[in-house]
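J.: Structure below; questions to follow.
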Amino acid sequence: MRTAAEAIMKVQNAHWEARSDWFNSVGREQRIKDYITLANQLIWQRQGSFFAAAMLAAFYFNPITTFTFYIVVALTELLDQNLGRHSKAWDGKDPVVGRQILKRIALNTVVSALAISVFIVNIAVQQTSGGHFTPLFFLFSASLFAVMYNSQMIGILLLRLSVYAFAFLSIAFLDVLRYSPPLRSNIWLEFFTIIFVLYFIIDISAKFYVRYQERLDQMRLIKEENERTKAALEVKRQFLATVSHELRTPLTSIMGSLDLVNHGALGEVPEKMKPAIRIAAKNGKRLANLIDDLLDLQKIEAGEMEFHFKPISVNDFLDEAVESTTGYADKLGIHVTSVPSLHDCRIMGDRSRLMQVMNNLLSNALKFSDEGGSVEVRVQIVGARVRISVHDDGVGIPKDAKDRVFGKFTQVDSSDVRKVGGTGLGLNITKQIIQRHNATIDYVSELGIGSTFFIEFDRLNNAGAESAENVSVEKVA
Ligand code: ADP
């Protein structure tokens, strides 16, 4: 307990030491903005209570002086409103403007606190007997109001409270001076009560100020943390880009050389060497795929992937996609069929990016099928949409795995990696490309039965297709 209390004391002392210059410029912009925003928000509440106090006082005391002083209070409000407009235009950058605004806030505070004090002391002066409960209570409310809503700038708050304290003491001394009462009289009791109330107000102002200060400090920490995270992300992005690029270039030449060796361009390959070269080529391809995926992901996330949108005839496009996988499918002993749409249908898209999507869906369908299996690609028109589906009768995907299927670096079953290879990035990139086409991707699957992945696009009508003949280029947002 003791150590906790000491720690709190320490923090509070540090605050008071650090802010010994109460008009300092630490977080000045935020303080001024908070101050003005709150002041503007509370204008009707403040004016309402002053008006009610004025009506009450006018009924029981001299209405002419009461309303005259009340009008002065209302006029000081206009000064505050004017200052609020001026400060809103300040972008927080020019410190000279900041100092000017601060000076005007200080001046307005003194003028407004004086006007309120005169309004209240005027009531006290008219009370010649029975103490000064009404004006004291008004003053107490005004002080509490200031403590609750002006704690952003302790200097300004103290300025206002000093004027109110002067008014409190004036009221306290009023009857002491008027009647010179003995120490045991009620007048002195009221005097000492007022001193106690003053202490209470100062105590809670300090608490409000410390709390506001802590909030500001927390906000500063969050901001700093945010900046650090952004910087770290940028370093990660640059690191990934550099590493991927530096790996891609030598890898391309290694793969090229292996290709030459494999095709016998450099002479007959000894039988004993063939398996080793095949493995090297296979793993080189895997590495190249990983680097390509990393580069794509990084491009998408940095908003640097360009899309060239053009109308695409879906049937033709699918023929091309299926044809490009024939070699791989034959190697795995899997039969691929394509079922085109009966009607010609077109969509708007980036052909090479969508080919990347189809390659990913098809290679997954092939990878996760057993030898002798079959894969079917189908185009359907569903209302105003075109649906492309890739169906396989392979291993299937367990229930509740959607997040992992479309996640980054995630494989539903980690043994997949060893068995069939893959980065766990393909479907994540696919989904992001699909989203850029205003299209959707989803799947249905059953373990041991197979999976169907489908993507749906808006169908281009003829008018749309014609107006879309102009290619549009967009970057990922
Ligand atoms: P990978 O590079 O591992 O193929 P993807 O992002 O393309 O990465 O796929 C993520 C995971 O989703 C795969 O590892 C696999 O577990 C599962 N998956 C994707 N397509 C299929 C499919 N047609 N059949 C079974 N599982 C699939």
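J.: Counting DSSP beta bridges with both partners in the chain, what percentage is antiparallel, nearest 5?
T.: DSSP beta bridges in the chain are roughly 85 percent antiparallel.
J.: Sequence-distant or interchain residues sharing an amide H contact under 5 Å with Lys310, placed H: which?
T.: The answer is Gly349, Asp350, Arg351.
J.: Expressed as a rounded percentage, what relative contact order does the chain have, with Cα pairs under 8 Å and six or more residues apart?
T.: Averaging sequence separation for qualifying contacts and normalising by length gives 11 percent for the chain.
J.: Over the range 120-219, average the accessible area per residue using a 1.4 Å probe and give it in Å², no decimals.
T.: The answer is 50 Å² per residue.
J.: If you fit an axis through the alpha-carbon atoms of helix 154-179 and take the longest principal axis of the Cα set of the chain, what angle between them do you get, 0 to 90°, nearest 10?
T.: 20
J.: Would you mind getting the accessible area per residue of the range 46-112, heavy atoms of the protein chains only, 1.4 Å probe, in Å²?
T.: Here the residues of the range 46-112 average 58 Å² of exposed surface.
J.: Could you pull out every residue, at least 5 positions away or on a different chain, whose amide H is within less than 5 Å of the one on Val339? Hs are placed 1.01 Å off N in the peptide plane, and Pro or chain starts have none.
T.: Val377, Arg378, Val379
J.: Along the Cα→Cβ direction, 7 angstrom out, place labels at Val197 and Ala288. What is the inter-label distance in nm?
T.: Between Val197 and Ala288, the label points sit 8.7 nm apart.
J.: Ok, one more. What is the set of long-range amide H partners of Arg385 at a cut-off below 5 Å, with H atoms built 1.01 Å from backbone N?
T.: So Arg385 has HN proximity to Arg459.
J.: Hey, can you rank 402-409, 305-312 by average C-beta count inside 10 Å, highest first?
T.: Sorting 402-409, 305-312 by mean packing, highest first, produces 305-312, 402-409.
J.: How big is the dipole moment of the chain about its Cα centre under a simple scheme where the beta carbon of each Lys and Arg is +1, that of each Asp and Glu is -1, and everything else is neutral? Debye, nearest 20, please.
T.: Once rounded to the nearest 20, the dipole reads 1860 debye.
J.: Hey, with R₀ at 30 Å, roughly what FRET efficiency would Asn40 and Thr410 work out to, going by the Cβ-Cβ distance, to 0.05?
T.: Given R0 = 30 Å and the Cβ-Cβ separation, E is 0.05.
J.: Given the options Ile388, Phe133, Asn108, identify the residue whose Cα lies farthest towards the positive end of the charge dipole of the chain (+1 on Cβ of Lys, Arg; -1 on Cβ of Asp, Glu).
T.: Of the options given, the answer is Phe133.
J.: Right, another one. Apply 1/(1 + (r/R0)^6) to the Cβ-Cβ distance of Gln47 and Asp94, taking R0 = 30 Å, and write down the FRET efficiency to the nearest 0.05.
T.: Taking R0 as 30 Å, the efficiency between Gln47 and Asp94 is 0.40.
J.: Still on this structure, please answer the following. Taking a quarter of the surface of the convex hull around the Cα atoms of the range 247-349, what do you get in nm²?
T.: 9.7
J.: Continuing with this model, one more query. May I ask for the percentage of alpha-carbon pairs in the range 155-197 that lie more than 12 Å from each other?
T.: Here the tail beyond 12 Å accounts for 60 percent of pairs.
J.: Let me ask something else about it. Using alpha carbons only, how many degrees (0 to 90, rounded to 10) separate the axis of helix 43-60 from the longest principal axis of the chain?
T.: 20
J.: Convert each backbone phi in the range 264-271 into a coupling constant with the Karplus relation 6.51 cos²θ - 1.76 cosθ + 1.60 (shift: θ = phi - 60°), then list the ³J(HN,Hα) values in order as whole Hz, x for Gly and Pro.
T.: Here the 3J(HN,Hα) series is x, 5, 10, x, 4, 8, x, 3 Hz.
J.: Mind listing P(r) for the chain? All alpha-carbon pairs, 10 Å bins, whole percents.
T.: Histogramming the chain at 10 Å steps yields 3, 14, 16, 13, 9, 9, 11, 11, 7, 4, 2, 0, 0 percent.
J.: Once neighbouring chains are kept in place and the probe is 1.4 Å, which whole percent of the accessible area of the chain is contributed by carbon and sulfur?
T.: Carbon-and-sulfur percentage of accessible area, whole number: 61.
J.: Then there is this: Which one, Ser324, Phe173, Thr423, projects farthest toward the positive side of the charge dipole computed for the chain from Cβ point charges (K/R +1, D/E -1)?
T.: Checking the options against the dipole of the chain, the answer is Phe173.
J.: Efficiency by 1/(1 + (r/R0)^6): what FRET value for Asp442 and Thr337, r their Cβ-Cβ distance, R0 = 22 Å, to the nearest 0.05?
T.: For Asp442 and Thr337, the calculated efficiency is 0.50.
J.: Still on this structure, I have one more. Go through the range 115-121 residue by residue and turn each phi into a ³J(HN,Hα) via Karplus (6.51, -1.76, 1.60, θ = phi - 60°); whole Hz please, and just put x for glycine and proline.
T.: With coefficients 6.51, -1.76 and 1.60, one gets 4, 5, 5, 4, 4, 7, 5 Hz.
J.: Please sort 116-126, 138-148 by packing, taking for each peptide the average over its residues of neighbouring beta carbons within 10 angstrom, highest first.
T.: By packing density, highest mean first, the sequence is 116-126, 138-148.
J.: In nm², what is the average projected area of the convex hull enclosing the Cα atoms of the range 150-274?
T.: Convex hull of Cα atoms, orientation-averaged projection: 14.5 nm².
J.: Could you give each residue of the range 222-231 its phi-based ³J(HN,Hα) in whole Hz, using Karplus coefficients 6.51, -1.76, 1.60 with θ = phi - 60°, and x for Gly or Pro?
T.: Coupling constants for the range 222-231: 4, 4, 4, 4, 4, 4, 5, 4, 4, 5 Hz.
J.: For Arg436, tell me the accessible area in Å² from a 1.4 Å probe, rounded to the nearest 10.
T.: My reading of the accessible area for Arg436 is about 60 Å².
J.: Each label point is 7 Å from the Cα along the Cα-to-Cβ direction; what then is the distance between the points at Ser257 and Leu107, in nm?
T.: If labels sit at Ser257 and Leu107, their model points lie 8.0 nm apart.
The values are calculated or read from the model by the stated rules, or taken from the named source; none is laboratory data. Not measured: the values here are computed from a predicted model. Reconstructed Cβ throughout: ideal geometry from the backbone, glycine too, with neighbour counts over all protein chains shown. Each accessible area value is taken on the protein alone, full model and side chains, heavy atoms only, with ligands, DNA and RNA left out. Shrake-Rupley method; radii C 1.70, N 1.55, O 1.52, S 1.80 Å.
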